[in-house]
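Take a look at the structure set out below.
Readers should treat all values here as calculations from the given coordinates under stated rules, not as data from a laboratory. Everything numeric in this text was worked out from a predicted model, so none of it was measured. Cβ placement follows ideal geometry from the backbone for every residue including glycine, while neighbour counts extend to all protein chains displayed.
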Amino acid sequence: MHRYTSFAVFGAGLIGAPIARELSARGASVLVLGRPGCCPETVKRKLPAGVEVFEVDYTDSLVIARLLEGHAVKVVVSTMSAAEVAVQNLLATTAKAAGVELFVPSEFGVVTDGMAGKNNEISTIEHLKSIQLPFARFYAGFFIETIPALTGFSVNGKINVAGYGNMPCSFTASCDVAGFVAHVLAFLPPDELFDKTFRLQGDRSTLSDLALIFETEVAYVKEIPGQMSEVWTRMQMAAECGVASTGWDMLQWAEGDDYAGCTNHLWEGHQWQTIKSFYRL
């Protein structure tokens, strides 16, 4: 049965480098493409010896197409900022022209299906549909390791909540996300990947209940000081709207039939990290 063995991962950050490592560990051929200056020796040393690293301008379609074609890449995994819709759409078009058969957009977070784009920008999923390039999308909620920053805990030792903080959120460790992505991409046949959405969940909690887990108090505030303020605000909005649960359904505006964590079973035997196990609480 045909399975994919040749991949290109765009980005080598929190989730990109781990995905590249996990794919390589499963015997796949892997390229990592980072922007100029984004793949220093410290990053390269953390990647397996067999993973080739290239620094490219993500808008240079000619160079990218040559790399993808030259290495017979069949699957592109994008881990660039999800806010870079136009750049990601251009990358998808380039990948399609280079013979790529599957595109994984950078949506390793909250539910975006049905969410309107900014400034009338077409979403990457809609763009992929328009150019007939199959996609596999992975929702993971919030990365467990970002909880201290995204709740303001690292600022004042409290769980800072802007609204009610009573909507369930999905939390998944980046290593679990990377391992799951690599597992299904390397072992599932194409027809089980094409145009599929995978809903992961390592743990589940409301923002307010995080205070119980971390044995601290909830602070109901309008903003937090420091450089994390903008990120904290976006996280709070996502949590309050429900989309931080990977089982959220925009059309129903409620938890959907495809519930949070409903695809975890595809990584049979894996022990998913919880918030308590990750932080050794």
Over the chain, relative contact order from alpha-carbon pairs under 8 Å, at least 6 apart, %: 19
Mind jotting down a quarter of the surface of the convex hull over the alpha carbons of the chain, in square nanometres, one decimal? 15.1
Principal-axis tilt of helix 174-187 within the chain, Cα atoms, nearest 10 degrees: 40
What is the local net charge at His2, summed over the other residues whose Cβ is closer than 13 Å to its Cβ (Lys, Arg +1; Asp, Glu -1)? -1
For the Ser130, Ser154 Cβ pair and Förster radius 45 Å, calculated FRET efficiency rounded to 0.05 is 0.65
So what is the relative contact order of region 166-258, in percent, for Cα pairs below 8 Å that sit 6 or more residues apart? 39
Once you list every other residue whose beta carbon is under 12 Å from the beta carbon of Tyr259, what net charge do they have if Lys and Arg are +1 and Asp and Glu are -1? -2
Based only on other Cβ atoms within 10 Å, what is the fewest-to-most ordering of Arg199, Arg234? Arg234, Arg199
Ranked Phe143, Phe10, criterion: other C-beta atoms within 10 Å, fewest first: Phe143, Phe10
Fewest-first ordering of Trp253, Trp272 by Cβ atoms within 10 Å yields Trp253, Trp272
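Can you classify region 17-113 as rounded, prolate or oblate using the Cα gyration tensor, where a ≥ b ≥ c are the square roots of its eigenvalues, rounded means a/c under 1.5, and otherwise it's prolate if a/b beats b/c and oblate if not?
Rounded shape, in that the Cα axes give a/c under 1.5.
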